[in-house]
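S.K.: Have a look at this one before I ask anything.
The values are calculated or read from the model by the stated rules, or taken from the named source; none is laboratory data. None of these values were measured; they are calculated from a predicted model. Reconstructed Cβ throughout: ideal geometry from the backbone, glycine too, with neighbour counts over all protein chains shown. Surface accessibility is based on the protein's heavy atoms, side chains included, excluding ligands, DNA and RNA. Shrake-Rupley method; radii C 1.70, N 1.55, O 1.52, S 1.80 Å.
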2 protein chains.
Amino acid sequence: MSRYAIGIDYGTESGRVMLTSIETGEEAAWALIPYPNGVLETALPTGEKLGHDWALQDPRDYLHVVEQGVPQVLKQSGIKPEQVVGIGTDFTACTMLPTLAEGTPLCTLPEFETRPHAWVKLWKHHAAQPQADKINRIGKKRKEKALEMYNWAHSSEWFFAKALQIVEEDFAVYEKAGKLIEAADWIVWQLTGNERRNECTAGYKDMWLKGDGFPSKDFFAALDPRMANIVEEKLATTFYPLGSRAGGLTAAMAAKTGLLEGTPVAVGHIDAHAGVPACGVTGPGVLVMIMGTSLCHMLMANERRIVEGVAGVVEGGIVPGYYGYEAGQAAVGDLYGWFFKAFGVKPDEITAKAAALRPGQSGLVALDWWNGNRSVLMNADLSGVLVGATLSTGPHEIYRALIEATAFGTLTVIRAFEREGIQINRLMACGGLPEKSPLVMQIFADVTNRTIELPRSLQGSGLGAAMHGAVSGGAFANIAEAAGKMGGASGQAYVPNPEANRIYTQLYEQYLALHDWFGRGGTDIMKRLKAIRAGA
Amino acid sequence: MSRYAIGIDYGTESGRVMLTSIETGEEAAWALIPYPNGVLETALPTGEKLGHDWALQDPRDYLHVVEQGVPQVLKQSGIKPEQVVGIGTDFTACTMLPTLAEGTPLCTLPEFETRPHAWVKLWKHHAAQPQADKINRIGKKRKEKALEMYNWAHSSEWFFAKALQIVEEDFAVYEKAGKLIEAADWIVWQLTGNERRNECTAGYKDMWLKGDGFPSKDFFAALDPRMANIVEEKLATTFYPLGSRAGGLTAAMAAKTGLLEGTPVAVGHIDAHAGVPACGVTGPGVLVMIMGTSLCHMLMANERRIVEGVAGVVEGGIVPGYYGYEAGQAAVGDLYGWFFKAFGVKPDEITAKAAALRPGQSGLVALDWWNGNRSVLMNADLSGVLVGATLSTGPHEIYRALIEATAFGTLTVIRAFEREGIQINRLMACGGLPEKSPLVMQIFADVTNRTIELPRSLQGSGLGAAMHGAVSGGAFANIAEAAGKMGGASGQAYVPNPEANRIYTQLYEQYLALHDWFGRGGTDIMKRLKAIRAGA
């Protein structure tokens, strides 16, 4: 009897349920279930208007994905419930919500459904920027270790910025909440009846340090006296390694899904991080690049180092036993998309022309900071630069310079790791871009002078979730064993061209000179331009 | 009996003949005569191929303009030959040719017509760059005053670079030539039978300094021993002030044109310079901007100063009695044209959107060096820069930033003059752009914080030529008197907006920081990019 695991990948607009062979990693069936309420950016379903930069969700939509998607994949595949060895999930993060002590979301209570702060705050809810600024200001002043570990930069997307926004803007919601919880853990709670929080989201998004726990009561009191006891009153304090079993599927959930009661369910997971073992990467030396609108770099090492501009280093954050590092570039596919739109060109035509250019032939170099700089410099006030334009510069040359700039950005991240003695030997690329643009992949290989391999599965996060489900069900001793069977490389690879690399090495010197002048205090032109714009 | 003057404006593709009232400056008639052989860039009319960067012309085309155009304007207007008080011409420069001692162009001799160096070298013939480099290298080493007066930069467009190219590449042409002469002076010679060279082209393009004359024999010998005696053997050494009479129309020319024999003809003139008195500007304090594909700044002062990046300061070079300064920006209309083409947008639509922006709103600043920097920095290796792009940056914002950058370029030139104590109180704009783009004009006014007036006539060079013709014919005592009648402002003006200027003052600080870092040795990125491109 063939055995299968279920992976449920919770994205921004929809959830994707995959039924996957644990012998081969192949998908037997999958179902994409859009969230009925999608992303709430302008108003609640009850009509209340939302402010600028808000992004909420309805937690019932997450249950809808399970209840619709699981029966569909079972039906499509004809696979029997007893063949399913485990269930894993992965989630966007930090996506968080207030619930009663037993897990009921506040937004489902009639007396709270009209209050925006009672709903799920999605990862891209950016309205807590003032609270993030406050956390960073006070945290730096107090020299909080939990801030230092994140390079003194708590993002507005993270847990305590969002929690502080609730405290400051709707204290009644905060008071009513028995729990403030990551959606990644909440969905597992709903599946199993157990609140079993995972180490990954807690480590990357919630200022939780293995061994040390959360920051002190004094720190929270300094942020707002009303949240001094947030840890004791609202948060779980035990966290579980990735791949561990949160519990078995409840009878109610079994009835709704058609699965067996007690089917093992793994603890929650962040989507990007789940994709790493799906690529077959379960240890140090390989940088996994999740390449889409932005680029997420995932890397493991045997030690914790402070790497410039790396926002998160979490023990066991990617695979238990290693320190997991996360870096990223804020605009990659988004930058190419900007170019296509601004220049009114068709991607296919311009790509063919850009591909025909030799490295260095355009005479251009760009800084890829169209959406700020997320890694190494960590400065959202930085902006895009193009240098070297002449009257004969064509759009295809600019496009190629933008691709090269994003590759230089990744090389800069690689070098930041190497400066701290963390070696990167190979690259692995997943996400939408590797499939869409061989030109982008070849330029990344030529610029970084490293072979880039592609994984067998393009649905890395969901496959990774299924793998963790299989581990939690005991089908594998650990995630490395699961990766050996279910994940890994496709055999397709981009190999660096030495001559191209020779020229890119010269171009990178120019990139770096610009990078350091604009980004390391040579000038504050970009900040001033933003200030002038804000005044205009 | 109303009196008229004829102005003949020799452009790059055609000549324009204007018959103009000397009482009002109004055109009674005009004729545009394209050059039958146009610009020879790839081959001679006899089929011989030309190299990269060559640009030649056929001197017979200049006569064709006279012979076709003058009869046309007489016929159109019904004006009688005796009503014409004088003829003036203006020419592109340095546009030069080899002739026999009596003026016959070598390219019209059957034995020379297949030799490219026997033809007219047009101003934009750039193939003499190696020769210009040699002149600058040797001139600097020898500390030649004639080089110092041009900020140590003899352009490849200028007379001796072109002459040296003939010496080096086709010595037989050089040997055969009785004269090497500016086309501006050659056409006057053909009209009058007198070789009367003008001080303007000689001063700006031919290293001739009033009082000092040409550089020494030693200098020319150092360039090439075969051209040691170029001054004595090939050049006239007497030069005449602008507006002076070269002579009267020959009988042969009178017969061909329908004008009276002996009609006074003024000495030659450079086109841009002739446009200045046409604007009514005949003394210090007013910067005339000739705004087209590039931008030419013309200014007069009572003294000679070494102004950073000003290529030419010529005593009497614009109006007798004043020092005439010429500066310029290498790409203005050309930069806007590049933008329209690269972004595939229609000028009208994008202009409306760009005009709706407030200063500073785009968050962008650019360096307008798409065609190098011609004034202040004088470095052709510099290239264009755009800073401040974000994912929400629209094409109309980039367009506006490019316009602002060209205005900042002009402000930088104005400040270079002011640093040397040469005041600029008002601006006057002529050329094609003022007519085409009110947005450009308003931004130039706001950035420079100076009122910009437009002249009555948009055909400034031809009108200026006619004015000099009238002066040479004795109708006016001098060019100032002619300008009072025939030239001047239209009354249309762009007045700076103080609030816009306040913001542009802040933006200009950012422009200047970029200008100095990229252009004054903070980095050599641009030079390196060109070197990498050359290697690619």
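S.K.: Given Cβ point charges of +1 (Lys, Arg) and -1 (Asp, Glu) and nothing else, what value in debye, to the nearest 20, does the dipole of the range B:78-153 about its Cα centre take?
M.R.: Numbers: 11 positive and 8 negative charges, 130 e Å.
That gives a dipole near 620 debye.
S.K.: Shifting gears a bit: List the chymotrypsin sites (Phe, Trp or Tyr not before Pro) within the range B:467-536 that fall in a DSSP loop (any state other than H, G, I, E or B) and whose Cβ has at most 10 other Cβ atoms within 10 Å. Before the final figure, lay out each step's value.
M.R.: On the way: sites: B:F476, B:Y494, B:Y504, B:Y508, B:Y511, B:W517, B:F518; in loops: B:F476.
Loop-located and lightly packed - none at all.
S.K.: Skipping prolines and chain starts, which residues have an amide H placed within reach, meaning under 5 Å, of the one on A:N371, given they are 5 or more residues away or on another chain?
M.R.: Close amide H contacts, sequence-distant or interchain: A:A331.
S.K.: Continuing with the same structure: Regarding the range B:88-138, what whole-number volume in Å³ per residue does the convex hull of its Cα atoms give?
M.R.: Values: hull volume 6.5 nm³, N = 51.
Enclosed volume per residue, from the Cα hull, is 128 Å³.
S.K.: Using a ≥ b ≥ c from the Cα gyration tensor of the range B:424-473 (square roots of the eigenvalues), is it rounded, prolate or oblate, where a/c under 1.5 gives rounded and otherwise the larger of a/b and b/c decides, a/b for prolate? Intermediate values should be presented prior to the final figure.
M.R.: Details: a/c = 4.72, a/b = 2.06, b/c = 2.29.
It comes out oblate by the Cα gyration axes.
S.K.: Using a 7 Å offset from the Cα along the Cα-to-Cβ direction at both A:R520 and A:D348, what is the distance between the two label points in nm, to one decimal?
M.R.: 4.4
S.K.: Determine ³J(HN,Hα), in whole Hz, for all residues of the range A:69-81 in sequence, where each value follows from phi through the Karplus function 6.51 cos²θ - 1.76 cosθ + 1.60 and θ = phi - 60°; x replaces Gly and Pro.
M.R.: x, 5, x, 4, 6, 5, 5, 4, 8, x, 7, 8, x
S.K.: Quick one: which residues, 5+ away or cross-chain, put their amide H under 5 Å from the amide H of A:N198? H built at 1.01 Å from N.
M.R.: Residues meeting the amide H criterion: A:Y240, A:G268.
S.K.: Which residues' amide hydrogens lie under 5 Å from the amide hydrogen of B:Y322, considering only partners 5 or more residues apart or on another chain, with H built in the peptide plane?
M.R.: Here the answer is B:G316, since their amide H atoms fall under 5 Å of that of B:Y322.
S.K.: Additional query: In vacuo Debye scattering of the range A:4-266, one point per C-alpha: log10 I(q)/I(0) at q = 0.08, 0.15 Å⁻¹?
M.R.: Relative scattering, expressed as log10 I(q)/I(0), comes to -0.33, -1.06.
S.K.: Suppose you put the label 7 Å out from Cα in the Cβ direction; list, shortest first and in nm with one decimal, how far B:F340 is from each other copy's label.
M.R.: Nearest first, the other copies' label points are 2.8 nm away.
S.K.: Same structure, new question: Once the Cα gyration tensor of the protein assembly as shown is diagonalised, what are the square roots of 5 times its eigenvalues, in whole Å and ordered largest first, as equivalent ellipsoid semi-axes?
M.R.: Over the Cα atoms of the protein assembly as shown, the semi-axes work out to 74, 29, 24 Å.
S.K.: So what is the accessible area of the range B:457-536 per residue, in Å², with the probe set to 1.4 Å? Show your work: numbers first, answer last.
M.R.: On the way: 3180 Å² over 80 residues.
I get 40 Å² per residue for this part.
S.K.: Here's another thing I want to ask about it. Of the options A:G333, A:L367, A:V345, report the single residue whose Cα projects farthest towards the positive end of the charge dipole of the range A:295-393 (beta-carbon charges: Lys, Arg +1; Asp, Glu -1).
M.R.: Farthest along the dipole direction, towards plus: A:V345.
S.K.: Same structure, new question: Place a +1 charge on the Cβ of each Lys and Arg in the protein assembly as shown and a -1 charge on the Cβ of each Asp and Glu, then give the dipole magnitude about the Cα centre in debye, rounded to the nearest 20. Don't skip to the answer; put the middle values down first.
M.R.: On the way: 98 positive and 114 negative charges, 176 e Å.
I would put it at about 840 debye.
S.K.: Shortest first and in nm with one decimal, please list how far the A:A255 label point sits from its counterparts in the other copies (point 7 Å along Cα→Cβ).
M.R.: Nearest to farthest, the other copies are at 11.9 nm.
S.K.: Binning every alpha carbon pair distance of chain A at 20 Å from zero, what are the percents per bin?
M.R.: Pair shares across the bins are 22, 55, 22, 1.
S.K.: Over chain A, what is the mean sequence separation of C-alpha contacts under 8 Å (at least six apart), divided by residue count, expressed as relative contact order in percent?
M.R.: Working: 1238 pairs, mean separation 86.1, N = 536.
Once normalised by length, the contact order is 16 percent.
S.K.: Measure off 7 Å from each Cα along the Cα-to-Cβ vector at A:Q76 and A:R3, then give the distance between these two points in nanometres to one decimal.
M.R.: 2.4
S.K.: For the range A:1-134, what does the alpha-carbon gyration tensor say about shape, rounded, prolate or oblate, given a ≥ b ≥ c as the root eigenvalues, a/c under 1.5 as rounded, and a/b over b/c as prolate? Mind showing how you got there, number by number?
M.R.: On the way: a/c = 2.61, a/b = 2.24, b/c = 1.17.
Prolate, because a/c is 1.5 or more and a/b exceeds b/c.
S.K.: Something else about it: If you place +1 on the Cβ of every Lys and Arg, -1 on the Cβ of every Asp and Glu, and leave all else neutral, what size is the dipole of chain A about its Cα centre, to the nearest 20 Debye?
M.R.: Dipole size: approximately 700 debye.
S.K.: Summed for both chains, how many Å² of accessible area, to the nearest 100, are buried between B and A with a 1.4 Å probe? Could the numbers behind the result be given before it?
M.R.: Values: alone 20370 and 20370 Å², together 36910 Å².
Counting both chains, the buried surface is close to 3800 Å².
S.K.: Between B:D218 and B:I306, what is the label-to-label distance in nm when each label sits 7 Å out along the Cα-to-Cβ direction?
M.R.: For B:D218 paired with B:I306, the spin-label model returns 2.0 nm.
S.K.: Still on this structure: Compute the semi-axes of the equivalent ellipsoid of the range B:370-520, taking the square root of 5 times each eigenvalue of the Cα gyration tensor, and list them largest first in whole Å.
M.R.: Details: eigenvalues 230, 64, 46 Å².
Sorted largest first and rounded, they come to 34, 18, 15 Å.
S.K.: Could I ask something else about it? Using a 10 Å cut-off on Cβ atoms, rank the peptides A:336-344, A:426-434 from the highest mean neighbour count down. Can you show the working numbers first?
M.R.: On the way: A:336-344: 16.7, A:426-434: 21.9.
Result, highest mean first: A:426-434, A:336-344.
S.K.: Continuing with this model, one more query. Put the label 7 Å from Cα along Cα→Cβ for B:E67; what are its distances to the other copies, in nanometres, shortest first?
M.R.: List, nearest first: 9.6 nm.
S.K.: Next up: Once the principal axes of the Cα atoms of the range B:206-324 are found, what is the range along each, listed largest first in whole angstroms?
M.R.: Taking the Cα atoms of the range B:206-324, the three principal extents are 49, 41, 30 Å.
S.K.: Got a sec to turn the phi values of the range A:222-233 into Karplus ³J(HN,Hα) couplings, 6.51 cos²θ - 1.76 cosθ + 1.60 with θ = phi - 60°, whole Hz, x for Gly and Pro?
M.R.: Result, rounded to whole Hz: 5, 5, 6, x, 6, 10, 4, 9, 4, 5, 5, 8.
S.K.: While we're looking at this one, here's another question. Can you tell me the alpha carbon radius of gyration of the range B:265-309 divided by the globular rule-of-thumb value 2.2 N^0.38 Å? Display every interim value, and only then the final one.
M.R.: Working: Rg = 11.8 Å, N = 45, 2.2 N^0.38 = 9.3 Å.
Against the empirical 2.2 N^0.38 Å value, I get 1.27 for the range B:265-309.
S.K.: Per residue of B:223-234, how many C-beta atoms from partner chains lie within 10 Å of its own C-beta, taken as a mean? Don't skip to the answer; put the middle values down first.
M.R.: Values: counts 0, 0, 0, 0, 0, 0, 0, 0, 0, 0, 0, 0.
Mean inter-chain Cβ contacts per residue within 10 Å come to 0.
S.K.: Right, here's the next one. In chain B, if the dipole is taken from +1 on Lys/Arg beta carbons and -1 on Asp/Glu beta carbons about the Cα centre, which of B:V495, B:L512, B:P438 is farthest to the positive end?
M.R.: Farthest along the dipole direction, towards plus: B:L512.
S.K.: Just checking the output field for B:367-374: average partner chain Cβ neighbours within 10 Å of each residue's Cβ?
M.R.: On the way: counts 2, 0, 4, 6, 3, 2, 0, 0.
Mean shielding count: 2.
S.K.: Say the dipole of chain B comes from +1 at the beta carbon of Lys and Arg and -1 at that of Asp and Glu; which of B:L287, B:G38, B:Q459 then lies farthest toward its positive end?
M.R.: Positive-most Cα among the choices belongs to B:L287.
S.K.: What three numbers, in Å, describe the spread of the alpha carbons of the range A:469-529 along their principal axes, ordered from the longest?
M.R.: 56, 36, 16
S.K.: For the range A:1-64, what is the Kirkwood estimate of the hydrodynamic radius, computed as the reciprocal of the mean inverse distance between distinct Cα atoms, to one decimal in Å?
M.R.: Working: mean 1/r = 0.0733 Å⁻¹.
Its Kirkwood hydrodynamic radius stands at 13.6 Å.
S.K.: What are the equivalent ellipsoid semi-axes of the range A:143-256, built from the alpha-carbon gyration tensor (square roots of five times its eigenvalues), in whole angstrom, biggest first?
M.R.: Working: eigenvalues 143, 63, 25 Å².
So the equivalent ellipsoid measures 27, 18, 11 Å along its semi-axes.
S.K.: What ³J(HN,Hα) values, in whole Hz, does the Karplus curve 6.51 cos²θ - 1.76 cosθ + 1.60 give for the range B:423-430 when θ = phi - 60°, with x put for Gly and Pro?
M.R.: 7, 10, 9, 9, 10, 10, 10, 9
S.K.: Can I ask one more? From zero up to wherever the largest Cα-Cα distance of the range A:255-359 sits, split into 10 Å bins and tell me the percent of pairs in each.
M.R.: Here the calculated profile for the range A:255-359 is 13, 30, 22, 22, 10, 2, 0.
S.K.: Hand me the chymotrypsin sites (Phe, Trp or Tyr not before Pro) from the range B:61-118 located in a DSSP loop with no more than 13 other Cβ atoms within 10 Å, in residue order please.
M.R.: Working: sites: B:Y62, B:F91, B:F112; in loops: B:F112.
Hits after loop and neighbour filter: nothing returned.
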